[in-house]
1. Could we say that residue 207 is assigned to a loop (DSSP other than H, G, I, E, B), among the small types (Gly, Ala, Ser) and touching a strand residue (DSSP E or B) at 6+ places or on another chain (Cβ under 9 Å) here?
2. Out of the residues in segment 483-524 meeting the condition of being open to solvent by less than 70 Å² (accessible area, probe 1.4 Å) and of a type in the set (Asp, Glu), tell me which one is farthest from residue 473 (Cα to Cα).
3. Please specify each residue of segment 136-158 satisfying the condition of being touching an Asp or Glu at 6+ places or on another chain (Cβ under 9 Å), within 30 Å of residue 313 (Cα to Cα) and in a loop (DSSP other than H, G, I, E, B).
4. Can you report the number of residues in segment 88-114 which are open to solvent by 30 Å² or more (accessible area, probe 1.4 Å), acidic (Asp, Glu) and within 19 Å of the chain's Cα centre (by Cα)?
5. Mind listing just one residue for me: the one in segment 115-138 that is open to solvent by less than 10 Å² (accessible area, probe 1.4 Å) and farther than 18 Å from residue 184 by Cβ and, of those, nearest to the chain's Cα centre (by Cα)?
6. So is residue 236 of a type outside the set (A, V, I, L, M, F, W, C), out of contact with any helix residue (DSSP H, G or I) (no Cβ under 8 Å at 6 or more places or on another chain) and either under 30 Å from residue 53 (Cα atoms) or buried (at least 23 other Cβ atoms within 10 Å of the Cβ) (or both) or not?
7. Going through segment 427-439 one residue at a time, which ones are open to solvent by less than 10 Å² (accessible area, probe 1.4 Å) and within 24 Å of residue 317 (Cβ to Cβ)?
Amino acid sequence: MMTTPDAAGPSPARRGGWLLALACLLLAGCAAAPLPREHSFALPPWEVADTALGEWTTRQAADHPGLSGFTLLADGRDAFALRALLTLRAERRLDIQTYLMGDGLTTRVLLLRVLEAAERGVEVRLLLDDFGAVGQGDRLAALDSHPNIQVRVYHPLPVGRGSLATRVLASLPVLGRQHRRMHNKLWIADNALAIVGGRNLGDEYYSASEPRNFADLDLLTLGPVVAPLSMSFDLYWNHGLAQPIGRYHGAEPDAWQALKGALDAGLREEADSDYFAALRQRQEERDRDRLVDELRWGEAEALWDPPGKPAWRGRPPLATTMAGQLWARAEPEESLSLVSAYLVPTAAGSRLLQALAESGVKVVVVTNSLEATDVPVAHGVYAPHRAALVASGVALFELRAEHEGGEEDAIGVPGTSASTLHIKALAVDGERVFVGSANADPRSVWWNSEVGVLAVSRGLVDDFEVLVEGGASPALSYAVLLDDQGRLGWLTQVDDRPVWLEREPGSAWRHFNAWLSRTLRLERWL
């Protein structure tokens, strides 16, 4: 039976209930937000073939029918130069997906190149996780004001957008869902070439920060694997969790012009910097027929989490996750080389690695040391598993905060003696390599969304193993070992001499953070 409201209006209690319900809806974020009004999709193959990048990839693949091409981007400066070049050469479409976007020199350069591409008629789609958009609403809205640029934020929260502090406070009532983020990273030019890997947008990812940078890894891909990577972008872009930035931040129709002018003026002041000099040299070296030094060829598969995963309730079945897909396709039988910035194996993962090593599988793991990591709380919940891993035969190495010269080109940061590992990659049985955005931790498996490429290519495996070997060298890392009494120790090299440490390197503050995360049992959230 239908009833009508009282003529005098709702009672104060009922008004309070409606206000509370409205607040809950706002704090619930994008779960109740409408779908974007416009859907868009990747370029069709015939349009890709008509672009200069499409023609270049066709020439490169002529002697490798049906195979995809790859090259590892370990040097941050090369990774930046290639993104800038792909933006410069794009003719139809540029798709960018990222978790974070910092406000540094490299980001300003790339944004200026994006605006210049849009002025040439290139359609640009920028998809940024909403947590990475905190405090950047005006700049993103100004970008979005350009007729050829669309900006969307993933899993947004309508309130608390001005600063990290207000965002955290606004997230507390819905923390069970807001802690789940889109962690994917893609850079796709004309649907002809795609970059996938661990790098966000920010100076520390491209060897342009002081005093410390991330040692990271991307994979440049071309050929058949690019189409499914583009499809993954389309699925995320057109999903209801991806909302136009204009829903939360307004801008004048010509706001992009002021942004472009400010970027251009600021970068002219940096034109003579060492970083730009190195960038110009790299661009001059890579003419249209030499975009990369060498390509490896093989079969490849793009893997990604379902785009709705950040909004799911509870822990999903493993088979529905990218991690589950990867394990089903790459279970080791002979060898596993794992490089992960944040290694949080949990008890189950630790038992799995131990069982592999005890069964005869050669297991090599490279991760951050306590003194090098940018997330000591993650290190704290990894540390208790080390003794059992090493005892089972796992070769465990931890990247140092400061390292000896001469090995930087392997897995460190060229031109600096300090770096933090940010790589997410592995090799299996000497024939398969996976490079993506996922760490070896519960957050990447269960909570965040991720993307990556699994390639079958012996040449690519060899290139990756060179990185692993360099990363495990005593000039860059500590070898974590057990002494005769079963106690952990750290073996490294100083001034070309071996040094054995009985106490884990790292400041008292880092040790406290690691202890705190263990005490609070934060493992499943990291």
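1. On the way: assigned to a loop (DSSP other than H, G, I, E, B): yes; among the small types (Gly, Ala, Ser): yes; touching a strand residue (DSSP E or B) at 6+ places or on another chain (Cβ under 9 Å): yes.
Against the criterion (assigned to a loop (DSSP other than H, G, I, E, B), among the small types (Gly, Ala, Ser) and touching a strand residue (DSSP E or B) at 6+ places or on another chain (Cβ under 9 Å)), residue 207 qualifies.
2. Let us first name the residues in segment 483-524 that are open to solvent by less than 70 Å² (accessible area, probe 1.4 Å), namely 483, 486, 488-494, 499, 501, 504-507, 510-511, 513-514, 516-517, 522-523.
From what's left, of a type in the set (Asp, Glu): 483, 504, 523.
Numbers: 483: 20, 504: 18, 523: 29 Å.
So, considering only residues that are open to solvent by less than 70 Å² (accessible area, probe 1.4 Å) and of a type in the set (Asp, Glu), the one farthest from residue 473 (Cα to Cα) is 523.
3. 136, 155, 156, 157
4. Number of matching residues: 1.
5. 137
6. Working: of a type outside the set (A, V, I, L, M, F, W, C): yes; out of contact with any helix residue (DSSP H, G or I) (no Cβ under 8 Å at 6 or more places or on another chain): yes; either under 30 Å from residue 53 (Cα atoms) or buried (at least 23 other Cβ atoms within 10 Å of the Cβ) (or both): yes.
So residue 236 passes the test.
7. First, pick out the residues of segment 427-439 that are open to solvent by less than 10 Å² (accessible area, probe 1.4 Å): 427-428, 433-437.
Within segment 427-439, 428, 434, 436, 437 meet the criteria.
Every residue, every condition in (1) out of contact with any Phe, Trp or Tyr (no Cβ under 6 Å at 6 or more places or on another chain); (2) modelled with pLDDT of 95 or more, yes or no:
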{"site": "120", "(1), (2)": "yes, yes"}
{"site": "127", "(1), (2)": "no, yes"}
{"site": "142", "(1), (2)": "no, yes"}
{"site": "149", "(1), (2)": "yes, yes"}
{"site": "160", "(1), (2)": "yes, no"}
{"site": "184", "(1), (2)": "yes, yes"}
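The values are calculated or read from the model by the stated rules, or taken from the named source; none is laboratory data. In this text, all values refer to a predicted model and were calculated from it rather than measured experimentally. Methodologically, a virtual Cβ is constructed for each residue, glycine included, from the backbone with ideal geometry; neighbour enumeration extends over all protein chains shown. Heads up: the accessible areas ignore ligands, DNA and RNA and are worked out on the full protein's heavy atoms, side chains in. Shrake-Rupley method; radii C 1.70, N 1.55, O 1.52, S 1.80 Å.
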